[in-house]
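Beneath this line is the structure, given in structure tokens, with notes to follow.
Every number in this text was worked out from the coordinates using simple rules, so none of it is lab data. If you're wondering where the values come from, they're calculated on a predicted model, not measured in any experiment. As a convention, Cβ positions derive from the backbone with ideal geometry for all residues, glycine included, and neighbour counts pool all protein chains shown.
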Amino acid sequence: MSTSPTPPPPSSRASTDGSPNPLRLERAPLSPKGASLIKYQYDVVLGCPRSGTTFLMELLSTLPDIESVTGTILPVSIPQIVNAADLSPALYDALAVGFERALDDYLESGRFRSRAAALQKWANAPTGRGLFDALRNRRSIERLVYKEPFLSFAPEFVYYALPDANIIHIYRDGRDCANSLIRTYDVLSDENLTHLMGAEMRLGRQVGDRYVPWWVEQDREEEFLAATPFGRALWMWAYMVRRCDHFFSLPEVQASGRVMLLRYEDFMQSPAEYGDKILHHLGLSPTPSFRRRLKTAHTGSIGKHERRSPSELEEAERIAGPELARYGYL
């Protein structure tokens, strides 16, 4: 993999409207010794929770040379902390380096090298020699693909922390994401706003007996608190896609070829076509297991938000209309 120096990013954090602040992350290029510490290829899947990231990771887990890991290495607090206005460039850089080193540590850990993990990998991606190696605690991979949906809060953090990583940003109609989030996890309810323990809000400002997430714009606190949980989940989705759209649209990021934008609805409707595009982006080849898993894709969850009340659907357009239109959902 490439060990070329890492250029400093054009910006390190975002303002409350989702666009980057001008504060630069002054990170020196990797020294030859630092570059030699990069041991593995890391790729990243991100997207608002309930955007299809889980299916995508299950699909990638069928490839024998990939280790697919979901959200157990980087605390969900980190993508939120890096947006703090008072975070110094030095601390930001320390978190970025720590992210990469945490991935290194995982691949050297007993968790990765255990016989149980090896057998599970062989079950997902059977190969001729895989079972023999698994029974002898032998594991060999070419890359790790890491998924953390809340990295959508800070796409530039991923891009610069892992300078050789390919990134797949999967996005879905925010109304379906919000519908699934509150039905599955009951997120952003009035009760869940009384503390900062939820994954969606590790930082917030107190208003009365509730907290307003950091990703809500200043002077819109009362509007957020008056919204339904469905509307609040749309609010989070809108912030995430706005951040990703802004950063991934930068000319230098587009020119890098490192980022693939994947529309969930297109993926479910044409899984074979988009499965090939995913493999091409990652530089991988299909396997029979990969093709079989692709065939389980379905469109049954598309448009489920339409069952919500008319008032909630109007609320969705009021809160996230520009973002829904930007991604072609209105």
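At a glance:
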quantity	calculated
J(HN,Hα) series, the range 271-277, from Karplus relation 6.51 cos²θ - 1.76 cosθ + 1.60, nearest Hz, glycine and proline x	x, 5, 4, 6, x, 5, 5
Radius of gyration and Dmax over the Cα atoms of the range 214-299, both given in Å	18.0, 54
Karplus 3J(HN,Hα) series, Hz, for the range 232-237 with 6.51 cos²θ - 1.76 cosθ + 1.60 (x for Gly, Pro)	5, 5, 4, 4, 5, 4
The range 136-194: trypsin sites (Lys or Arg not before Pro) falling in loop per DSSP and having at most 11 other Cβ within 10 Å	136
Under Karplus coefficients 6.51, -1.76 and 1.60, residue-wise ³J(HN,Hα) of the range 209-219 in Hz, glycine/proline x	9, 10, 10, 9, x, 4, 7, 8, 4, 4, 6
Principal axis dimensions, the range 178-259 - Cα atoms, whole angstrom, descending	47, 29, 21
Qualifying GluC sites (Glu not before Pro) in the range 158-221, DSSP loop, other Cβ atoms within 10 Å at most 15	217
Fraction of alpha-carbon pairs over 22 Å apart in the range 132-236 - percent	47 percent
For residue 207, distant residues with modelled amide H under 5 Å away	212
